[in-house]
Amino acid sequence: MMDSGVDEFPMIDPKYIDEALKIVKGENTMIMFHAEMDSANDSCCTNVGGESNKKEKHEHEHNHEEKLKSTDPRAYTSFLESRPDSFEKNAISHIIACLEKQPTTPVHIVHLASQEAIPMIQKAKFEKNLPLSVETCFHYLTIKSEDIPDGATQFKCCPPIRTDENRKQLWSALKDGTITSVVSDHSPCVPELKGLDKGDFFQAWGGITSVGLGLPLLYTEGSTNFKVDLVDIAKWCCENTAAQVGLGHQKGKIAPGYDADFAIFDDNTDYEIANARTYFKNKLTAHSGKKMKGRVIETILRGNSIYAFGKGVSDVPMGKLILEPRQN
């Protein structure tokens, strides 16, 4: 709901959302949103104000660009200020307003990062009973902005990683059911695109690599500070995510008739994440150097071992393309 900087992902507005909800009404589907929206874009989403709103929007963009020119692009605080909480609040408020008019198709907010949007989400879900679900990410739950050094562009992602207090509120919203799932939002790139030599947060590729790290990250932080256990994590990362995409009848739990997908997890081992030891093609992650409690010893996919600690991943591809039909 704002310029992504990538041509394949053009910006949309509430009018577009209204039309999309009309088109998919009655279909077995879900619409998902990256929810950030500059308030200056509100004027282009309505017919109120006409040319005066366009002028105001242009002036806002000009002032914003001038302000960015005077900021230190290596300072993480500069990047954080460029994508404030208000962007997420504004986008989500518009999404909820659209959903209130057509509350028939499930809508999902991807990678929520701001605590300030939590009250409106709670009201929409629990008071108005709108079909709204929300996810957050491993990095928003385990990293705080206060710890991000200037120039450390491996931490850049959108929405940005926010304060420690914000992080704690996301955990609370996860535990009370406001946030229903935790995902990686894995966004890899070659190290050159992160521009570590310049450390410019505004020019660097946005995204954090964390596939394969989620279980130990959540277990370490959750069990240490938030009274979270493996049953909670399985619900957020397996059961709820499977149900969300229409595969709750096949995946997400260990039960008769379900795919035998599970991990063997040693919760008594301690170690440190290191870039060089990751299984990423491009070995760069914001989690490098973090001390972990618990390690995945083996991963089983439909009854087949596809990873074992000390051996690595299977040489034989065992993935299976998931096609329709899926269930509501």
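Read-outs throughout are calculated quantities, based only on the coordinates presented, and are distinct from any laboratory measurement. Computed from a predicted model, the values in this text were never measured in an experiment. FYI the Cβ positions are ideal-geometry reconstructions off the backbone, even for glycines, and counts take in every protein chain you see.
Odds and ends about this structure:
- Cβ crowding within 10 Å averaged over residues, with 22-35, 225-238, 98-111, 205-218 ranked highest first: 205-218, 98-111, 225-238, 22-35
- Partners of residue 194 within straight-line reach, counting lysines whose Cα lies under 18 Å from its Cα and excluding those fewer than 8 residues away in the same chain: 156, 281, 283.
- Distances between placed amide hydrogens fall under 5 Å for residue 286 paired with 209, all partners being 5 or more residues away or on another chain.
- Separation between Cα centres of segment 278-326 and segment 114-186, rounded to whole Å: 24
- Answer label, with mean projected area of the Cα convex hull in nm² calculated from the coordinates and candidates (1) 31.9; (2) 20.3; (3) 18.3: (3)
- In straight-distance terms, cross-link reach from residue 123 covers every one of the lysines whose alpha-carbon lies under 24 Å from its own, apart from those fewer than eight places away in the same chain; here that gives 15, 22, 25, 89, 101, 168, 175, 235.
- Per-residue extension of 0.36 nm, minus the Cα-Cα distance of residue 308 and residue 250, leaves a gain of 18.5 nm for this segment.
- Considering only the chain, percent of DSSP beta bridges that pair antiparallel, nearest 5: 55
- Angle in degrees between helix 14-23 and the longest Cα principal axis of the chain, rounded to the nearest 10: 60
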